[in-house]
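Asker: Would you mind keeping the following structure in view while I ask a few things?
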Amino acid sequence: MYKASQYLGIILIALLLAFGGSIAIYAIPNSQANIFTVAGTGTGGFSGDGEASTLAELNFPFSLAIDDTGNLYLADTVNHRIRKIMKPTGIITTVAGTGNDGYNGDDQLATSADLNRPIGIAVDDAGNLYIADTFNHRIRKVMTGSSIITTVAGTEDFGYNGDNQPALTAELDRPFDVTLDVMGNLYIADAGNHRIRKVMAGTGVITTVAGTGTPGYNGDSQLATEAQLNFPFGITVDGDGNLFIADHENHRIRKVMAGTGVITTV
């Protein structure tokens with residue numbers, strides 16, 4: 001799993017600015033008060049593969065992930081690409097997407113696959129990259145080593161169905177984020193369905209772990225599957241398996257306790 005603590009300043013600043021429409025990624029080292037740019041020029045567009053990341057143009061970067069070796073991945077959303085900044089060289093490359101918005105299938109090199117405004121990304125312990133291909137209503141996976149892309153959840157149709165069956169037969173609606181727990185289970189912020197969904201490692205079966213599907217807010221201290229969410233945009237799981245949700249239109253951060261499945265506002 002990526003080492004979030006090592007790059008806490010980078011993650012916080014990038015997310016704050018990215019969701020406000022920033023076209024650069026900034027960092028504040030944990031031990032310093034100086035801010036510096038790690039990617040982007042401040043001009044929206046696409047350029048710069050194969051050169052220093054600070055010379056590369058980005059277009060609405062929405063999220064970041066870091067692998068176990070310290071490489072930084074960013075969802076260059078309006079460029080319909082996932083880009084990677086190598087540590088320690090600082091060289092940026094495209095690792096998924098062609099720059100065209102659309103969907104043209106799986107089982108090919110990720111750099112030959114079209115994405116459609118990918119927003120959320122995560123990297124697992126093995127270095128596999130997961131992409132919330134938001135407007136394709138799919139979760140994609142780029143295999144480490146081969147760089148082959150596949151779909152792990154979602155279909156060509158958007159909507160809601162499919163709990164307790166393979167995730168590849170389940171409909172999603174604008175999935176905004178993905179994260180993984182220490183067991184390798186995949187969580188999806190199924191924003192347009194107002195739910196958080198979970199794909200079990202090994203079986204690939206999908207279930208809902210939070211939300212009823214009806215947008216709104218109806219309180220805490222109950223089972224998360226009985227609680228209303230309203231466009232959940234961001235998710236993460238801590239080392240104990242507790243799930244944290246950015247319940248966007250409810251203007252709250254919610255927590256689902258591991259074991260009990262009870263939701264609270266934090």
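Asker: Here is a list: GLY219, GLY202. Which entry is more than 21 Å from LEU129 (Cα to Cα), without any contact (Cβ under 8 Å) to a residue 40 or more places away in the chain and of a type in the set (Gly, Ala, Ser)?
Answerer: The conditions single out GLY219.
Asker: Same structure again: Return yes when THR134 is polar (S, T, N, Q), crowded, with 23+ Cβ neighbours inside 10 Å and farther than 15 Å from VAL209 by Cβ and no when it is not.
Answerer: Criteria met by THR134.
The rows are residues; the columns are (1) in a strand (DSSP E or B); (2) at pLDDT below 80; (3) of a type in the set (Asp, Glu); (4) crowded, with 18+ Cβ neighbours inside 10 Å.
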residue: GLN6; (1), (2), (3), (4): no, yes, no, no
residue: ILE11; (1), (2), (3), (4): no, yes, no, yes
residue: LEU16; (1), (2), (3), (4): no, yes, no, no
residue: ALA33; (1), (2), (3), (4): no, yes, no, no
residue: VAL38; (1), (2), (3), (4): yes, no, no, yes
residue: ASP49; (1), (2), (3), (4): no, no, yes, no
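Asker: Any idea which of ILE206, ILE196 is aliphatic (A, V, I, L, M), touching a helix residue (DSSP H, G or I) at 6+ places or on another chain (Cβ under 6 Å), outside any loop (DSSP other than H, G, I, E, B) and surrounded by 15 or more Cβ atoms within 10 Å (Cβ to Cβ)?
Answerer: None of the others qualify; the one that does is ILE206.
Asker: Answer with yes or no whether ASP106 is in contact (Cβ under 8 Å) with a residue 60 or more places away in the chain and out of contact with any Pro (no Cβ under 9 Å at 6 or more places or on another chain).
Answerer: no
Asker: Here is a follow-up. Would it be correct to say that THR77 is farther than 28 Å from ASN136 by Cβ and of a type in the set (S, T, N, Q)?
Answerer: No.
Asker: On to the next question. Please go through (1) assigned to a strand (DSSP E or B); (2) over 23 Å from GLY234 (Cα atoms) for LYS87 and return the number of the only condition it doesn't satisfy.
Answerer: So LYS87 meets the others, but not (1).
Asker: With the structure loaded, tell me whether THR155 is surrounded by fewer than 16 Cβ atoms within 10 Å (Cβ to Cβ), touching a Ser or Thr at 6+ places or on another chain (Cβ under 7 Å) and at pLDDT 95 or above or whether it fails that test.
Answerer: Judged against the criteria, THR155 is not a match.
Asker: Filter the range 106-139 for residues that are of a type in the set (Gly, Ala, Ser) and assigned to a strand (DSSP E or B); which is farthest from PHE233 (Cα to Cα)?
Answerer: Only one residue tops the list, namely ALA122.
Asker: Just checking, which of TYR73, TYR103 is in contact with a Lys or Arg (Cβ under 8 Å, 6 or more places away or on another chain), assigned to a loop (DSSP other than H, G, I, E, B) and at pLDDT 80 or above?
Answerer: Exactly one of TYR73, TYR103 is in contact with a Lys or Arg (Cβ under 8 Å, 6 or more places away or on another chain), assigned to a loop (DSSP other than H, G, I, E, B) and at pLDDT 80 or above, namely TYR103.
Asker: Can you tell me how many residues within the range 158-184 are buried (at least 17 other Cβ atoms within 10 Å of the Cβ) and either within 18 Å of ILE119 (Cβ to Cβ) or at pLDDT 95 or above (or both)?
Answerer: 16
Asker: For MET257, all conditions in the list (1) out of contact with any strand residue (DSSP E or B) (no Cβ under 6 Å at 6 or more places or on another chain); (2) closer than 25 Å to LYS141 by Cα hold save one; what is the number of the exception?
Answerer: It fails just one condition, (2).
The values are calculated or read from the model by the stated rules, or taken from the named source; none is laboratory data. What you see is a predicted model, and the numbers here were worked out from it, not measured in a lab. Quick reminder, even Gly has a Cβ in these numbers, built from the backbone with ideal geometry, and neighbours come from all protein chains shown.
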